[in-house]
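Read-outs: derived from the displayed coordinates by stated rules, not from any lab. Just so it is clear, the model here is predicted, and its values are computed rather than measured. Cβ sites come from the backbone with ideal geometry, for glycine too, and all protein chains shown count toward neighbours.
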Amino acid sequence: MGLTAAAPGHLLAARHEVAVAGDLLEQTLSQLREMAGVQFTEPQRVQYLLDVALASNFLGQIQLDQGDHRRAAEMFTDGLSAAHSAADRFTVLVSLYDLALSRQAGGDLDDAADLLRQGLILAAEAGDEPSLAYYLEALATVAARQDQPGRAASLLAAAGALLEAKGSGWLHAYVPRAPHDNNARAGMRARMTDAAFQQAWARGRSLTSISVIRYALEETVSRPDRAPDRPGRQLSRSIPMPRASKTPKER
């Protein structure tokens, strides 16, 4: 994992030393940019890209928490580009999740959902069911904001069932987790009849891994104004079969 350069800033941010963390991550990224022209060996190149990806994401998370959605999205986009260049699933999953949260915070729910579906597919292909669950939680938040409380309840219930069965995984240690607590559940329940909520919740709890992926990839809102070639829309592939989960160190 590319944590050598980025970890200190992330740890400081987790301890709520935000100003110091932000300054440290800015310095880290400045030093990394100065190294952009260096001729690396292949392992060094990958490590460099992972450092760029994580430092960009950790700094973007601070900016997102401070309400600077535009700047956060720029940092997450940089992180995603570096992660793709490194061909590293771990940092791609971090970057897609972060960028989706920034799009949601900025009001672009369609882009947020597209990014989350991309991450969901990647997690499913890797058999990383805990990460899949965190993506389901984030999709539930988007669905709730798109006035689909029943769908949101099913997605949140399915995510909870997966985490209970598979454990907490690793992703939550690297990203600001989407709402998933009793308040999120109560917000969805308040917008439905009790019977409708119970039915949606029970449906989510009963979905198999394959069924929940298929359900999460459905696009239930018709948007004729959206261009068919909009980035993130190429999701009509076969449903990936979850495999045995691997930790990031087993990439």
Practice problem: Output the qualifying pairs, or none if there are none: Cβ atoms under 8 angstrom, residues six or more apart or on different chains, first residue in the stretch 184-205 and surrounded by 13 or more Cβ atoms within 10 Å (Cβ to Cβ), second residue in a helix (DSSP H, G or I) and basic (K, R). | Solution: F197/R189; A200/R151
Practice problem: Return the residue satisfying two criteria in turn: it lies in the stretch 169-220 and is part of a helix (DSSP H, G or I) and of a type in the set (V, I, T), and of such residues it is farthest from T141 (Cα to Cα). | Solution: I210
Quiz prompt | Positions within the stretch 17-50 being in contact with a helix residue (DSSP H, G or I) (Cβ under 6 Å, 6 or more places away or on another chain) and crowded, with 20+ Cβ neighbours inside 10 Å, in sequence order | solution = A21, L24, L25, T28, L29, L49, L50
